[in-house]
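This report refers to the structure that appears directly beneath it.
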Amino acid sequence: MKYSKEEVIQYVREEDVKFIRLAFCDVFGKQKNISIMPQELSRAFKYGIAIDASAIAGFGDENHSDLFLHPEADTLTPLPWRPEHGRVVRMFCTITYPNGKIFECDTRSILKNAIQKAEISGYQFFFGAEQEFYLFKLDDNGNPTKEPYDEAAYMDIAPEDKGENIRREVCLTLEQMGIQPESSHHEEGPGQNEIDLRYSDPLTAADSAMTFQTVVKTIARQNGLHADFSPKPLENKPGNGFHINISVKSSYNPDHMNCLIAGILDKVADMTVFLNSTESSYRRFGSNKAPKYISWSGENRSQLIRIPAAIGEYRRVELRSPDPSANTYLVFALIIYAVLDGIENKSELPAPADINLYKADTNTLARFKHLPGSYKAACTAAANSDFIKKYIPDAILDIYCNQ
């Protein structure tokens with residue numbers, strides 16, 4: 001349900017809400033929040049709530065440390081794992097300077113701008129997120145270990161799959177928060193799981209992906225486990241992917257699927273540092289169904305982009321290189337801009353690579369460009385890209401490449 005400001009105030013009063021979390025994220029997508037009491041809600045809507053931005057990496061220094069959080073009423077959701085009496089709710093926020101100007105490192109606002117440009121151009125985007133994570137045991141002091149919760153394999157069932165009840169609890173919690181899970185199963189790695197969310201508009205999908213990680217980590221901890229979304233938690237085991245399903249609607253361009261793929265292929269190397277934002281991200285590429293080459297095909301999981309078997313409204317494109325360390329708002333924004341750029345410039349779609357790239361010989365592989373092989377190489381590609389400089393603020397690019 002989408003709430004207005006007045007409805008939020010009424011909800012808080014009638015539902016015994018005692019704490020309101022104002023949520024946002026830093027430039028790397030790490031979630032942050034500040035809690036306010038109900039009596040401060042009207043002030044938050046009217047003026048915003050000040051935070052010390054100097055304490056958040058990339059948000060400024062002590063000279064210009066004040067930023068304001070402005071809650072968005074239509075993102076209100078209760079946190080089901082908090083007490084029923086004295087309830088806790090959460091709203092996502094827009095971040096501004098004291099003078100009301102949007103903070104350039106507010107990545108959620110960057111996505112809003114991309115959506116607006118797409119709408120002006122006559123395109124409507126939809127995204128669906130598939131995130132993988134490991135479940136590890138805790139030690140006697142409650143600290144995470146690298147001991148997997150189980151040794152089950154791909155799509156195994158209980159009792160081998162010990163994560164079944166965790167995934168069930170996560171899915172039910174997401175439903176209570178208005179987020180629709182589509183499917184869930186055990187993945188290939190020991191203790192590795194995947195839950196897929198149903199597609200939705202870009203901003204809702206990005207908010208849901210951010211919420212998803214919080215829910216998984218919370219439910220895991222309540223069950224005495226640690227949920228690890230890092231790209232490569234275990235050497236010689238599958239990494240965690242963040243597969244993104246993308247579809248586009250347009251009333252006047254029936255060939256949008258080709259433009260979608262061509263646009264992403266053309267810009268994917270430039271934007272890889274934002275899709276894979278840690279050093280360990282690059283240890284994932286090239287094995288266990290994680291792509292290494294810039295290519296596309298039909299149902300082929302060795303490709304960077306594939307078109308899953310589906311018909312009608314479920315037909316989509318799947319981008320397979322991102323991992324869960326990425327800032328979802330930046331990723332979705334860059335995908336939108338890449339597709340629009342491909343449409344505008346009539347980017348040519350290369351021939352599909354209908355081969356298994358994991359088993360191809362050296363001569364065959366030499367025909368394909370590959371993704372940046374390291375974080376440093378990805379930073380160089382972004383820093384030299386006119387596309388990235390056009391859509392990503394200098395401050396964010398500097399933070400990513402000079403941290």
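Here are some conditions: (1) modelled with pLDDT of 95 or more; (2) under 24 Å from residue 233 (Cα atoms); (3) in contact with an Asp or Glu (Cβ under 9 Å, 6 or more places away or on another chain). Residue 322 meets all but one. Which one does it not meet?
Condition not satisfied by residue 322: (3).
Quick test for you: out of 333, 366, 381, pick the one residue that is among the small types (Gly, Ala, Ser) and within 17 Å of residue 127 (Cβ to Cβ).
Matching residue, one of 333, 366, 381: 333.
Residue 304 passes all but one of (1) within 20 Å of the chain's Cα centre (by Cα); (2) surrounded by fewer than 16 Cβ atoms within 10 Å (Cβ to Cβ); which number fails?
(2)
Out of 237, 292, report the one residue that is charged (D, E, K, R), free of Cβ contacts under 8 Å to residues at least 60 places away in the same chain and open to solvent by 30 Å² or more (accessible area, probe 1.4 Å).
Just one listed residue meets the conditions, 237.
When segment 220-231 is examined, which residues are found to be buried (at least 23 other Cβ atoms within 10 Å of the Cβ) and either among the β-branched types (Val, Ile, Thr) or out of contact with any strand residue (DSSP E or B) (no Cβ under 8 Å at 6 or more places or on another chain) (or both)?
231 - this is the single residue of segment 220-231 that is buried (at least 23 other Cβ atoms within 10 Å of the Cβ) and either among the β-branched types (Val, Ile, Thr) or out of contact with any strand residue (DSSP E or B) (no Cβ under 8 Å at 6 or more places or on another chain) (or both).
Write out, first by first residue and then by second, each pair whose Cβ atoms fall under 7 Å of each other, whose residues are 6+ apart or on separate chains, and whose first residue, in segment 6-30, is closer than 30 Å to residue 275 by Cβ and touching a residue at least 24 places away in the same chain (Cβ under 8 Å) while the second is hydrophobic (A, V, I, L, M, F, W, C) and in a loop (DSSP other than H, G, I, E, B).
If the second residue must be hydrophobic (A, V, I, L, M, F, W, C) and in a loop (DSSP other than H, G, I, E, B), the pairs left are 26/56; 26/57; 26/59; 27/105; 29/326.
Could you list all residues from segment 114-158 that are outside any loop (DSSP other than H, G, I, E, B), β-branched (Val, Ile, Thr) and over 21 Å from residue 234 (Cα atoms)?
Residues satisfying the conditions are 115, 120.
Scanning for something surrounded by fewer than 23 Cβ atoms within 10 Å (Cβ to Cβ), farther than 24 Å from residue 385 by Cα, at pLDDT below 95 and in contact with a Ser or Thr (Cβ under 9 Å, 6 or more places away or on another chain), does segment 257-274 turn up at least one residue?
yes
Among the numbered conditions (1) within 28 Å of residue 106 (Cβ to Cβ); (2) at pLDDT below 95; (3) not in a helix (DSSP H, G or I), tell me where residue 231 comes up short.
With (1) within 28 Å of residue 106 (Cβ to Cβ); (2) at pLDDT below 95; (3) not in a helix (DSSP H, G or I) applied to residue 231, the lone miss is (2).
Tell me yes or no: at least one residue of segment 170-179 is within 25 Å of residue 113 (Cβ to Cβ), buried (at least 21 other Cβ atoms within 10 Å of the Cβ) and in contact with a Leu (Cβ under 7 Å, 6 or more places away or on another chain).
Among the residues of segment 170-179, at least one is within 25 Å of residue 113 (Cβ to Cβ), buried (at least 21 other Cβ atoms within 10 Å of the Cβ) and in contact with a Leu (Cβ under 7 Å, 6 or more places away or on another chain), which makes the answer yes.
Identify the residue in segment 351-380 that is closer than 26 Å to residue 257 by Cα and small (Gly, Ala, Ser) and, among all such residues, is surrounded by the fewest Cβ atoms within 10 Å (Cβ to Cβ).
351
The values are calculated or read from the model by the stated rules, or taken from the named source; none is laboratory data. Nothing here was measured: the structure is a model prediction, and the numbers come from that model. Because the Cβ atoms are built from the backbone with ideal geometry, glycine has one as well, and the counts that use them run over all protein chains shown. Note: accessible area is taken over every heavy atom of the protein model, side chains too, but ligands, DNA and RNA are not part of it. Shrake-Rupley method; radii C 1.70, N 1.55, O 1.52, S 1.80 Å.
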